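Where a number appears in this text, it was derived from the coordinates with a stated rule and is not lab data. Keep in mind the model is a prediction, meaning the values are calculated, not measured. Don't worry about glycine lacking a Cβ; one is built from the backbone with ideal geometry, like all the others, and counts go over all protein chains shown.
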Amino acid sequence: MAATRPGPPQLTNLYHLRTVGTEKTCSMCGKATFACLATPDVGDFIYVCTSHLADPGFAKPATSSSTNSTLSSALRPSSASHTNLEAEIDKVKAEYEAKLAVKDKALTGAAAAKSSPSPSWLQSGLRTGYSAVSSLATTTMATMNTPLAPPPAPLPSPQEGNKAIALNSRVFTLHRSIFAMRQDAVKNTWQAQDARERAKRLRLPSVPISRP
């Protein structure tokens, strides 16, 4: 009794990106490419341009790819620098307002001193205080006019982030329709090979040479 041949191989939707040494034709657009997606056991492989890897309608990075987590954390907005910048601005504003209050108080005192007779030593002290406050206010204004650190670069859009992740990944899962096509292709190849082997094993009676 002939042994039963196992059925067509069962594919796992997990394809590793590899580079081949000879240009092949992309199965999607027909252009030349060196990129190949293959299952771990090389039960199936497909030549494809790397640009298609960023198309979610073709494939997407596998969730187990360590590159994805690294790039996702890099693309995630960093709130620490933004918070520090706001705190620095609030601090400078508070200092400036406090110094303006001191200056206004000194100016009010100086005006009152001019309107009423006072000893010369008091007038001299007021003039000294006024000069000190003016110098302090000038320094504060110079600090306010000093350009702050440039704002952080704008974050990429979700589409750009996904594209960057895809182009830097090494493991992919095909879109369900693409994977179904690959399963059908592998099944058809297996059936054709099985039919050839069955034909080889099939023994037909030879045609008689002489007439009875």
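General observations
- By the count of neighbouring beta-carbon atoms within 10 Å, fewest first, Lys60, Lys31 end up ordered Lys31, Lys60.
- Residues Ser177, Ser51, Ser169, ranked from the fewest to the most other C-beta atoms within 10 Å, line up as Ser177, Ser51, Ser169.
- Ala94 paired with Lys24, simple spin-label distance in nm, labels 7 Å along Cα-to-beta-carbon: 6.4 nm
- Cβ-based net charge around Lys105, under 15 Å, with every Lys or Arg adding one and every Asp or Glu removing one: 0
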